[in-house]
Amino acid sequence: MSDEMKAPGIDGVRAEELRRLTAAGSWQPGQVMTTPGARLSWSNLEQWIEAWKQLQSRRHSSTRYQQESSHKRALPAALISQETNPTVLYAFLDVMSEANVRPPRGMRDEHPTTPHVVVANNRLAQLGAEPYQRHRQQALPDRKLAKTAPSKQPRQRDDLPTGHLSLF
């Protein structure tokens with residue numbers, strides 16, 4: 001097997017992680033960031049969320065999963081702490097609470113999303129907004145109503161035969 005075909009060693013992975021942390025630490029407001037390997041650019045949290053949604057719309061593949069991981073790791077915590085709109089912070093926390101974004105409880109200690117969630121919750125408190133959990137609980141009846149709302153499809157007329165078979 002040639003050197004070109006080998007997977008990066010632990011030293012290479014650590015060097016890449018250090019480079020990413022250095023770049024994320026030097027983020028300045030208004031700076032355009034790019035998700036490595038995904039050609040997605042963003043300069044604020046709302047744009048980061050939109051880029052995440054674009055990744056979610058791509059077909060399932062190992063490339064997509066790598067891009068999702070890179071996208072989560074490229075987000076600087078300082079960008080979250082600069083957000084002034086609670087609605088955007090709630091949307092970000094909604095993304096973080098989706099399945100497969102964060103590892104199960106008990107395994108989140110070293111995960112890159114953990115500091116992001118902490119910073120977002122702290123920022124909500126600084127802005128005087130209600131905590132995310134309370135926001136979710138208050139939004140729950142609205143979500144349930146949206147699921148049970150009548151669909152916009154035309155109703156079938158009752159006087160038309162339905163194709164029901166009867167034994168009598």
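Computed from the coordinates by the stated procedures, all read-outs in this text should not be read as laboratory data. Here the structure is a predicted model, which means the values were calculated and not measured. A quick note on method: Cβ atoms are made from the backbone with ideal geometry, for glycine too, and the neighbour counts reach across all protein chains shown.
Rounded, prolate or oblate: which fits the stretch 62-113 when a ≥ b ≥ c are the square roots of the eigenvalues of the alpha-carbon gyration tensor, with rounded for a/c under 1.5 and prolate only if a/b beats b/c? Cα axes put the stretch 62-113 in the prolate bin.
Under a Cβ-Cβ cut-off of 14 Å, what is the net charge of the residues other than PRO104 that fall near it, where Lys and Arg count +1 and Asp and Glu count -1?
The answer is 0.
The local environment of LEU40, defined by Cβ-Cβ distances under 14 Å, has a net charge of +3 under the rule Lys, Arg +1 and Asp, Glu -1. Here HIS111, HIS116, HIS60 are placed in order of increasing Cβ neighbour count within 10 Å, fewest first, which gives HIS60, HIS111, HIS116.
State whether the stretch 33-137 is rounded, prolate or oblate according to the following rule on the C-alpha gyration tensor (a ≥ b ≥ c being the square roots of its eigenvalues): a/c under 1.5 gives rounded; otherwise a/b larger than b/c gives prolate, and the remaining case gives oblate.
Verdict is prolate for the stretch 33-137.
Extending 7 Å from Cα along the Cβ direction at GLU46 and again at SER61 yields two label points whose distance is 3.2 nm.
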